[in-house]
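See below for the structure under consideration.
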Amino acid sequence: MSTSADLSSDVRRIVVVGAGECGTHAAMALRDKGFDGEITLIGRESVHAYERPPLSKGALAVDEMALVHPWTPEQLAQAHIDLRLGVEVMGIDLEAGTVTTTADAGGEEEIPWDRLLLALGSDPRRLQLDEVTYLRTHEDAEALRALLHPDGHLLVVGAGFIGLEIAAGARERGMDVTVVEAGSRALGRIVPEEVAAQVVALHEAHGVPLRVATTVTGLRREGDRVRAVLSDGDELLVDAVVAGIGATPTTALAEAAGLLVDDGIVVDEALRTSDPRVFAAGDCASFPDARSGGRVRLESWRNAHDQAETAAASMLGQTEAHVAVPWFWSDQYDQMLSVAGLPGTGERAVLRHRDDGVLLHLGLDAQDRLVHAAAVGPGAGVAKDIRVAEKLIAAAVPLDPAQLEDPGVPLRSILKAATA
Ligand SMILES: Cc1cc2nc3c(=O)[nH]c(=O)nc-3n(C[C@H](O)[C@H](O)[C@H](O)COP(=O)(O)OP(=O)(O)OC[C@H]3O[C@@H](n4cnc5c(N)ncnc54)[C@H](O)[C@@H]3O)c2cc1C
């Protein structure tokens, strides 16, 4: 799939499709790396890049929602980035080297490129039911906020990160909340069982019950309320239903163009697609993970940033392999949940219980090297431990499980000894 030729000297026009977290960061990174050709950044949404993480956290708790923008329009203009908002790319012609858009003022436009970056994000998975709200964009967040009011009852479908964050936000606004989860436990995808159990206990302490192995089989509007029929036969009369049941990568555009797609746009370690002039990054990209030897796709804020940097360098011929340690965080009530590395790659695990209430789960491979870490508890302690754990994962050296388990041995000193 990859080419070793440095094609950067003929690169004068770069088009980035998707003006979200990753695409906008990549456009700015191109300038930081000295690219002085044309950059066109095309985004379907009508506002310039904003942070999505607050949409399911702080934005639900406050009365007035303010978007957090990583860059101002002035900064983008100063960087001479041709920003086209409210414009959708409808097709890619690989042979001609163009994208076709819905133009700002009606009609189609063809935009030529020497390099193309697809930073298309992902879309919420949907239930085959009416009356369900989803959360991806700021507009979705506004619609959800309008449904949250004290004394109401919210049904959350899905006990993943987004579902649980919404549950916490709605609870903090005084709503009754019920969470149903089709799987046998919460956070089944990337959080170990012991850590997930502590998160569930936190929700229960706030009066939010979790019903596992339960799905919604029917929803029926009754006046201004909704009757939800659950798979165990139970019925709930609620004010609103929101689903956080995962996301699917936005790949239709790439697939139609003939690029290789397999749970994400398939890229190599430099984030090149099956066409070496086209790159993909962020939520929509499936990339080879050097540590696990497998192919992964991450939906995380840090990954969107890291891959934006790698993609920008690669498009300029400064081939860089993408090797960052995956990292994710979530805020629920006054606690933080954070994960580094890839789940399911460890052979065994040790648990470290810190005095401040932080529970840290450390996954080790057969050589006792750290491959995965997950923690929940007060934010400062979680952030500190996971930061060190990331470095231990990157160091990839055998560690003493007894020391890892002992909260009396600072992780930092383990790192120091491991990297000496
Ligand atoms: C509610 C919410 C909370 C989150 N919380 C966290 C968190 O706590 N921690 C964490 O690590 N991550 C979190 N994430 C995930 C993180 O925000 C994403 O991983 C990140 O936004 C991915 O960036 P991206 O650029 O790949 O995709 P996006 O930011 O989604 O940007 C993709 C953009 O491409 C546009 N687009 C798609 N197709 C086209 C087209 N054909 N033409 C033009 N434009 C197009 C889309 O409209 C979109 O604006 C959260 C996500 C959501 C939705």
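The values are calculated or read from the model by the stated rules, or taken from the named source; none is laboratory data. This one's a predicted model, so the numbers in the text were calculated from it and none came from an experiment. Here the Cβ is made from the backbone with ideal geometry for all residues, glycine too, and neighbour counts use every protein chain on show. To get the accessible areas, we keep the full protein, side chains included, count just its heavy atoms, and leave off ligands, DNA and RNA. Shrake-Rupley method; radii C 1.70, N 1.55, O 1.52, S 1.80 Å.
Go through the range 370-406 residue by residue and tally those that are in a loop (DSSP other than H, G, I, E, B) and open to solvent by less than 10 Å² (accessible area, probe 1.4 Å). First the steps, then the outcome.
Going residue by residue through the range 370-406, those that are in a loop (DSSP other than H, G, I, E, B) are 396-397, 399-400, 406.
Filter once more, keeping what is open to solvent by less than 10 Å² (accessible area, probe 1.4 Å): none.
Residues that pass the stated criteria total 0.
Within the set Ala304, Ala321, Ala394, Ala380, the sole residue that is outside the structural domain of Ala197 (by TED's automatic domain parsing) and either within 17 Å of the chain's Cα centre (by Cα) or within 16 Å of the ligand (Cβ to nearest atom) (or both) turns out to be Ala304. The set of residues from the range 72-85 being surrounded by 13 or more Cβ atoms within 10 Å (Cβ to Cβ) and farther than 17 Å from Lys33 by Cα comprises Pro73, Asp82, Leu83, Arg84, Leu85.
Do any strands (runs of 3 or more DSSP E) entirely within the range 12-122 hold 1 or more residues that are within 10 Å of the ligand (Cβ to nearest atom), and if so, which? The qualifying strands (runs of 3 or more DSSP E) are 13-17, 38-43, 81-85, 89-93, 98-102, 115-118.
Looking only at the range 128-149, filter to residues that are part of a helix (DSSP H, G or I) and near the ligand (Cβ under 9 Å from one of its atoms); which one of those is surrounded by the most Cβ atoms within 10 Å (Cβ to Cβ)?
Ala141
Within the range 313-369, work out how many residues are assigned to a strand (DSSP E or B), open to solvent by 40 Å² or more (accessible area, probe 1.4 Å) and β-branched (Val, Ile, Thr). Looking only at that region, the number is 0. Looking at the structure I just gave you, is Val278 closer than 30 Å to Asp123 by Cβ, more than 13 Å from the ligand (Cβ to nearest atom), open to solvent by less than 10 Å² (accessible area, probe 1.4 Å) and not assigned by TED's automatic domain parsing to the domain that holds Ile162? Yes: the conditions hold for Val278. Restricted to strands (runs of 3 or more DSSP E) entirely inside the range 153-263, those with at least 2 residues that are closer than 30 Å to Ser274 by Cα, out of contact with any Pro (no Cβ under 6 Å at 6 or more places or on another chain) and within 16 Å of the ligand (Cβ to nearest atom) are 247-249. The set of residues in the range 299-312 being surrounded by 24 or more Cβ atoms within 10 Å (Cβ to Cβ) and hydrophobic (A, V, I, L, M, F, W, C) consists of Ala304, Ala308, Ala311, Ala312.
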